[in-house]
Amino acid sequence: MVLLEQIRTIDKKRIRHYIGKLSEKDMEQVDRCLGISLDLKIISN
């Protein structure tokens, strides 16, 4: 589960360890949802 209601950025140095991985398909879905949340326009190649 990925919660995108409150997006925050942190420095990579604060990340101690990974707690999981997302498949490429799931990551594409996260990207789409972030785009919608941030009202980003999709630019295709």
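Every number in this text was worked out from the coordinates using simple rules, so none of it is lab data. This is a predicted model, so every value here is computed, not measured. As a convention, Cβ positions derive from the backbone with ideal geometry for all residues, glycine included, and neighbour counts pool all protein chains shown.
Summary of values
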quantity	calculated
3J(HN,Hα) from dihedral phi, the stretch 31-43, Karplus parametrisation 6.51/-1.76/1.60, rounded to Hz, x for glycine, proline	4, 4, 5, 4, x, 5, 4, 9, 6, 8, 8, 7, 10
25 Å Cα-Cα reach of K41 towards lysines, excluding residues that sit fewer than 8 places from it in its own chain	K25
Unit charges on C-beta of K, R, D, E only; dipole of the chain, Debye	320 debye
Calculated Cα extents along the principal axes in Å (choose from [x] 31, 30, 17; [y] 38, 23, 19; [z] 34, 22, 21), label	[z]
